[in-house]
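Worksheet: one structure, shown below.
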Ligand SMILES: [Mg+2]
């Protein structure tokens, strides 16, 4: 296998997510909070492509800081089918992502990594990364040394929380963004909470459902 660039912090060898972790590796793997972006971390604007329209959800930065203090790795996973649909370019996406990163940095609430899926099956080949697929979560877990079965999956759509089922973690629906429309289709046992701040409280106070 060709040597690729070493990601920040180095690649941690070991079993992939969903596999049984070997004893010598499991203690090194860290829990994460996988966060959806639009409607969860930033205020929903359909097919957001203008950095000037980026607005963080109230309370989001405090939530991120609290989760980080507790040792959670913060990973944004975002479906960006607007790229496949031709609504905006990958450069537009990156401009928005840079604006979000800047706002989070200024608030002292950076995330550790962001993964995006530019695909949509109706506008190209099917992919493994578009949520509810788990490609982004698996890639993050390999690159950052995460334990998805000890992680949380937070978003405003059912497709954001379904990876928790495949990977063994726990999901939380937030009622910002499209959350109110999605609540009726939520799998049993997945809590629905007001916003990201409330989701952090559920995670940190351990008042969620049993795994
Ligand atoms: Mg969303």
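Every read-out reported here was derived from the displayed coordinates using simple, explicitly stated rules and does not represent laboratory data. Since we're looking at a predicted model, the values are computed, not measured. Cβ placement follows ideal geometry from the backbone for every residue including glycine, while neighbour counts extend to all protein chains displayed.
Annotations
- Point-to-point label distance, residue 102-residue 66, nm (Cα→Cβ direction, 7 Å offset): 2.9 nm
- Distance from segment 121-153 to segment 27-63 (C-alpha centre basis), Å: 16 Å
- Look at 131, 159 and count the other Cβ atoms within 10 Å of each Cβ; fewest to most, that gives 159, 131.
- Using a simple spin-label model with pseudo-atoms 7 Å out from Cα toward Cβ, residue 53 and residue 205 lie 3.5 nm apart.
- Sorted peptide list for 71-84, 184-197, criterion being average Cβ within 10 angstrom, highest first: 71-84, 184-197
- Remark: 137, 120, 45 ranked as 45, 120, 137, counting other beta-carbon atoms within 10 Å and listing the fewest first.
- Here 70, 130 are placed in order of increasing Cβ neighbour count within 10 Å, fewest first, which gives 70, 130.
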